[in-house]
Amino acid sequence: MWCQRLAWLLRGQRGSTGRRRPWLPRGPGPVPAAPARCHPTAPASPQCAWQLHQDHLELRYGSTLMRLDFVWLRDHCRSASCYNAKTKQRSLDTASVDLAIRPQAVRVDETTLFLTWPDGHVTRYGLEWLVRNSYEGQKQQVMHPRILWNAEIYRQAQVPSVDCRSFLETDEGLKEFLQNFLLYGIAFVENVAPTKEDTEILAERISIIRETIYGRMWYFTSDFSRGDTAYTKLALDRHTDTTYFQEPCGIQVFHCLKHEGTGGRTLLVDGFHAAEQVLRRAPEHFELLAKVPLKHEYVESVGGCHNHMIGVGPVLNVYPWNNELYLIRYNNYDRAVINTVPHDVVRRWYHAHRALTAELRRPQNELWVKLKPGKALFVDNWRVLHGREAFTGYRQLCGCYLTRDDVLNTARLLGLQA
């Protein structure tokens, strides 16, 4: 539904407000009358039928109705002359394909589609491959399986922390950690030596550390050494970090090295769970938050640090083909002047923002964690918001940002869907 309703906003028309099934958005409109008759396959394959149109092949396999453009079908040929199976890369020059190409012959058996092109080249596609890789098949799939949570759901799941030695020395421990992280957006490692150096070793187990304006590994205390509220003893409301980057940092690592005082608990909120509640209760608010681009900025002039960074994007970011939410950019501290929204939209945007903020601030959605030396926390900064209660005394954390692609690559190499 996210994609369907987002498309409505972009078209300026009202879409369906039917029951939420975001992984099954409404498909394209009615198919034009075909110039040829429908061609069911042999009785041995009753689940498949096909029909030629002017510029595409309509193919029904099982419960999936696919509309496959002829240029697309030629471009994705997996024959040896068109695709290098060893490198998994295309050999065919896409720009050389005739944009008016049309197959001379089409045949479908129980498992395979065969197309013969005007130059005699034959393309073969497995029907299951087409279901997985067609637009219609992709919009029914989830890129990143997740478990949305509030505080009670997370506590009841009893997600275990992973021991540092198991994390560093075994694939099993690393895989358990990454599975927890992918599903919940947060994961903990216990029994880490409370030093910056050991935290760095921990982080490098799953990713290259991302260098930012804060450096590679950073210490974090209330000395106001940087022009940011985080470098104080004040409470911090829930937010995601680096919203002022064009691509916000993907993963953040926190490790409390020392705290001699009171307070300072860490707040965690699943932003995707909150967005899901907005979608269910007020889908028009969700649509607006996914459409309207905003500027976030970081302005700093403290000591030798001089920065003015600007990032642009909507609060909610979704994949357009399957409606899946993949990034939330929410930071009321760093949101710049709203000058990207016309006057007839800005008040509606404020209503939408208020609806999301109300969900993010519901007490049942707040997971409070007391970080302590030896317990490192990894946070999906594209999904989970973090905050902090005010504290007294001396409190020192270290941490870093990780490159998202490397974390996901590590997970895939271990056989996880990421």
Using a 10 Å cut-off on Cβ atoms, rank the peptides 275-286, 84-95 from the highest mean neighbour count down. 275-286, 84-95
For the chain, what's the relative contact order in percent, using C-alpha pairs closer than 8 Å and at least 6 residues apart? 22
What's the magnitude of the charge dipole for the range 48-140 around its Cα centre, counting Lys and Arg as +1 and Asp and Glu as -1 at the beta-carbon? Answer in Debye, nearest 20. 300
Fully extended contour minus Cα-Cα distance, from Phe114 to Glu58, at 0.36 nm per residue: 18.8 nm
Suppose we take every Cα in the range 271-405 and form the convex hull; what volume per residue is that in Å³? 166
Take the solvent-accessible surface of the protein heavy atoms, probe 1.4 Å, and return the percent of it on the range 48-140 that carbon and sulfur atoms account for. 48
From the alpha carbon gyration tensor of the range 262-327, can you work out the equivalent ellipsoid semi-axes (sqrt of 5 times each eigenvalue) and give them in Å, largest to smallest? 30, 20, 10
Cα centroid separation, the range 128-159 to the range 265-327 (Å): 20
Using only the alpha-carbon atoms, how far is helix 271-281 inclined from the longest principal axis of the chain? Give it as 0 to 90 degrees, nearest 10. 60
Per principal axis, descending, Cα span of the range 48-140 in whole Å: 33, 29, 23
For Ile208 and His121, calculate 0.36 nm times their separation in residues minus their Cα-Cα distance, and state this gained length in nm to one decimal. 26.9 nm
Between Leu414 and His343, how high is the FRET efficiency from 1/(1 + (r/R0)^6) when r is the Cβ-Cβ distance and R₀ = 41 Å? Nearest 0.05. 0.20
Can you pull the one-decimal nm distance between simple spin-label points at Leu65 and Val312, each 7 Å off the Cα toward Cβ? 3.9
Percent antiparallel among DSSP beta bridges confined to the chain, nearest 5, equals 95
Length-normalised contact order of the range 295-418, Cα under 8 Å, at least 6 apart, in percent, tallies to 17
With no solvent and one equal point scatterer per Cα, compute the Debye intensity ratio I(q)/I(0) for the chain at 0.11 Å⁻¹ and report its log10, rounded to two decimals. -0.95
Please find the FRET efficiency linking Arg155 to Gln47, where r is the Cβ-Cβ separation and R0 is fixed at 41 Å, and quote it to the nearest 0.05. 0.40
Explain nothing, just compute: Karplus ³J(HN,Hα) = 6.51 cos²θ - 1.76 cosθ + 1.60, θ = phi - 60°, for every residue of the range 57-72 in order, whole Hz, x for Gly and Pro. 9, 9, 10, 9, 10, x, 9, 9, 9, 10, 10, 10, 5, 4, 5, 4
To the nearest 0.05, the calculated FRET efficiency linking Asn133 and Arg281 through their beta-carbon distance, R0 being 56 Å, is 0.95
Describe numerically, in nm with one decimal, the distance between label points set 7 Å from Cα along Cα→Cβ at Glu297 and at Arg265. 3.7
Using the crude model of +1 on Lys and Arg Cβ and -1 on Asp and Glu Cβ, and no other charge, please compute the dipole size for the chain relative to its Cα centre, in debye to 20. 1200
Under the Karplus curve 6.51 cos²θ - 1.76 cosθ + 1.60, θ = phi - 60°, whole-Hz ³J(HN,Hα) for the range 350-359, x wherever Gly or Pro sits: 4, 4, 5, 4, 5, 5, 5, 4, 4, 5
Tally up the carbon and sulfur contribution to the accessible surface of the range 151-414 as a whole percent, 1.4 Å probe, everything protein left in place. 51
Using only DSSP helix segments of four residues or longer, with each worth -39500 (n - 2.57), what per-residue ellipticity at 222 nm results for the chain after dividing by its residue count and rounding to 500? -7500 deg cm²/dmol
Solvent-accessible surface (1.4 angstrom probe) belonging to Ser81, in square angstrom, nearest 10: 80
Describe numerically, in nm with one decimal, the distance between label points set 7 Å from Cα along Cα→Cβ at Ser96 and at Tyr333. 5.6
Whole-number accessible area per residue in Å² for the chain, which is evaluated in the context of all protein chains at 1.4 Å: 49
Any idea of Met217's accessible area? Nearest 10 Å², probe 1.4 Å. 30
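The values are calculated or read from the model by the stated rules, or taken from the named source; none is laboratory data. In this text, all values refer to a predicted model and were calculated from it rather than measured experimentally. Virtual Cβ from ideal backbone geometry, glycine too; neighbours counted across all protein chains shown. In case anyone asks, the SASA skips ligands and DNA or RNA and just uses the protein heavy atoms, side chains included. Shrake-Rupley method; radii C 1.70, N 1.55, O 1.52, S 1.80 Å.
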